[in-house]
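Asks: Right, I'll just put the structure down here and ask away after.
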Amino acid sequence: MSIRTRLAIVASAAVLLISGTATAADKVYRLKLAETWGPNFPIFGDSTKNMAAMANKMSNGRLKITVDSSNKHKSPLGIFDMVKAGQYDMGHSASYYWKGKDINTLFFTTMPFGMTTPEQYAWFYHGGGMELMKEAYDKHGILSFPGGNTGNQMGGWFRKEINTVEDLKGLKMRIPGFAGEIMAKLGASPTNIPSGELYTSLERNTIDALEWVGPSLDLRMGFHKIAPYYYTGWHEPATELQFMINQKKWNKLPEDLQEILRVAMRTAAYDMYIQSYHESAVNWETMLTDFPNIKVKTFPKPVMDAMRAANDELIIERAKSSPLAQKIVDSQAAYLKKARVWTNISDRAYLDSLDN
């Protein structure tokens, strides 16, 4: 074979290689995301749209994410199963909804009397939380990422004032996660209801009380028209939503698109926290001005003491349910102990100093 022939072959191979690389770089990857929320749901739904738009723009159109709301897939609390099965590539929901499927998923939304939002984000990204969440979801073939925080949530809307622990007995309340278990231990009847059914359930006396989020979302839901007692929070100090991704689908993405998606999710999550904080501040002012009949209350100390005692007992029980649950509980407790010292000497001390 002549040198000229060999050079021609090498040149042809180079052209094919370059052509193939260009084709791969231009390939468009399409993902479908199912969210728990209804169409155009404020704040929560904004985060999924923002994430998809950022991923599309940063990838120069190579990563396109279609968002299906609950009105389309008809299963607002079925996101975990749909992503696990590959029916959807991605999901947006809340990890504590899946405690009945895997107790280890319970701890990654928020915990009663637990970390504040900055403390919890620090635990996720610098205190081992992401690694523990990956360990919990790995066996389901799912990757889970923080998906947006509401901040400290309010304790809920009640038809009647809560003065004693006895007032919780038999109370039918929409309250999910670990807080629901605490309320059950104190004699209430907790249930979980999708957001689109909350007002109707309260109006039809299916439930006596409910907690949803806070003024950022509660006011527009109209709960105050039925249940005028609005209690301050204890149960969800740092409610983090989640983005879920089917691992097989993730593994098929090029590394640069994986990183783009990771950045888009993290940015959208932080943006949701900022938006939620802003909306709560605006709506709280509106509430105090336009709806003076709303009675803002704090649970009496005996009730709070009973809730905390039930929380402590249940955490010990849940930690015994699996070695991983114990690891998560221990990790969160250790990090809270360390972080709260700084929170007290920084934020709490600053706020207290303003009152002197």
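Asks: At each listed q (0.12, 0.14, 0.15 Å⁻¹), what is the log10 of I(q)/I(0) that the Debye formula gives for the chain modelled as equal alpha-carbon point scatterers?
Replies: -0.91, -1.22, -1.38
Asks: Under the definition of Cα pairs under 8 Å and six or more residues apart, what whole-number percent is the relative contact order of the stretch 202-356?
Replies: Computed over the stretch 202-356, the figure is 31 percent.
Asks: What nm distance separates the two modelled labels at W342 and A85, each placed 7 Å from Cα along Cα→Cβ?
Replies: 4.4 nm
Asks: In addition: To check my understanding: the extent here is largest minus smallest coordinate of the Cα atoms along each principal axis. What are those three numbers for the stretch 31-187, in Å, largest first?
Replies: 58, 36, 28
Asks: Could you check the spin-label model distance between Y199 and E135? Points 7 Å from the Cα along Cα→Cβ, value in nm.
Replies: 4.4 nm
Asks: In the stretch 204-273, what is the volume of the convex hull around the alpha carbon atoms, normalised per residue and reported in Å³?
Replies: Output value, Cα hull per residue: 143 Å³.
Asks: State, in angstrom, two size descriptors of the stretch 142-292 derived from its alpha carbons: Rg to one decimal place and Dmax to the nearest whole number.
Replies: 18.1, 57
Asks: I'd like the orientation of helix 129-138 relative to the chain: the angle between its Cα long axis and the longest Cα principal axis, in ° from 0 to 90, rounded to 10.
Replies: Approximately 70 degrees, to the nearest ten.
Asks: Let me ask another. Would you compute, for the Cα atoms of the stretch 170-217, the largest minus smallest coordinate along each principal axis and list the three values in descending order, in whole Å?
Replies: Sorted largest first, the three principal extents are 27, 23, 16 Å.
Asks: Over all directions, what mean area does the Cα convex hull of the stretch 211-356 project, stated in square nanometres?
Replies: Here the figure is 13.5 nm², rounded to one decimal.
Asks: Against the longest alpha carbon principal axis of the chain, how many degrees, from 0 to 90 and to the nearest 10, is the axis of helix 301-319 turned?
Replies: Tilt relative to the chain: about 40 degrees.
Asks: Could you tell me, in Å, what Rg and Dmax come out for the Cα atoms of the stretch 113-155?
Replies: 11.9, 34
Asks: Using Cα positions and a limit of under 17 Å, work out the aspartates and glutamates in reach of K225, with same-chain residues fewer than 8 apart set aside.
Replies: E161, E197, E203, D208, E211, D290
Asks: Kindly provide log₁₀ I(q)/I(0) values, in the same order as q = 0.16, 0.20, 0.25 Å⁻¹, from the Debye equation applied to equal alpha-carbon scatterers of the stretch 64-153.
Replies: So the normalised log intensities work out to -0.70, -1.04, -1.39.
Asks: Let me ask something else. Any idea what the dipole of the chain comes to, in debye rounded to 20, about its Cα centre with Lys/Arg Cβ at +1 and Asp/Glu Cβ at -1?
Replies: For this selection, approximately 1300 debye.
Asks: What is the angle, in °, between the Cα long axis of helix 44-58 and the longest principal axis of the Cα atoms in the chain? Nearest 10 is fine, range 0 to 90.
Replies: 20 degrees
Asks: Within the chain, what percent of beta bridges assigned by DSSP are antiparallel, to the nearest 5?
Replies: The antiparallel fraction comes to roughly 45 percent.
Asks: Above 14 angstrom, tally the Cα pairs of the stretch 231-316 and express them as a % of all pairs, no decimals.
Replies: Of all Cα-Cα distances in the stretch 231-316, 79 percent exceed 14 Å.
Asks: Can you tell me the mean projection area, over all orientations, of the convex hull of the stretch 18-95's alpha carbons? Units nm², please.
Replies: 5.9 nm²
Asks: Using DSSP to call loops (not H, G, I, E or B), can you name the trypsin sites (Lys or Arg not before Pro) in the stretch 23-61 whose Cβ has at most 12 other Cβ atoms within 10 angstrom?
Replies: Answer by residue number: K27.
Asks: Now for a separate question. Just list whichever of K64/K248; K101/K337; K57/K139 have alpha carbons separated by over 27 Å in the model shown.
Replies: With Cα atoms farther than 27 Å apart: K101/K337; K57/K139.
Asks: Let me ask something else. Helix-only estimate, please: 222 nm mean residue ellipticity of the chain, summing -39500 (n - 2.57) across DSSP H runs of length 4 or more and dividing by its residues, to the nearest 500.
Replies: -16000 deg cm²/dmol
Asks: Per residue, how big is the convex hull of the stretch 104-230 when only Cα atoms are used? Give it in Å³.
Replies: 122 Å³
Asks: Shifting gears a bit: Compute the distance in nm between two label points, each set 7 Å from the Cα along the Cα-to-Cβ direction, one at K72 and one at N163.
Replies: It works out to 5.1 nm between the two label points.
Asks: Rg to Rh for the stretch 146-202: what is it, with Cα atoms only and Rh by Kirkwood?
Replies: Rg/Rh: 0.99.
Asks: Between T206 and A281, what's the calculated FRET efficiency when r is the beta-carbon distance and R0 is 41 Å? Round to 0.05.
Replies: Taking R0 as 41 Å, the efficiency between T206 and A281 is 0.80.
Asks: Relative contact order of the chain: what whole-number percent is it, with Cα pairs under 8 angstrom and at least 6 residues apart?
Replies: Relative contact order comes out at 22 percent.
Asks: What ranking of T200, T109, T117 emerges when the number of other C-beta atoms within 10 Å of each C-beta is taken as an exposure proxy, fewest first?
Replies: T200, T117, T109
Asks: Now a separate question. Give me the dipole magnitude in Debye, nearest 20, for the stretch 100-242 about the Cα centre, with unit charges on the beta carbon: positive for Lys and Arg, negative for Asp and Glu.
Replies: Roughly 400 debye, rounded to the nearest 20.
Every number in this text was worked out from the coordinates using simple rules, so none of it is lab data. Keep in mind that what you see is a predicted model, and the values were worked out from it rather than measured. Every residue, glycine as well, gets a Cβ built from its backbone with ideal geometry; the counts of neighbours run over all protein chains shown.
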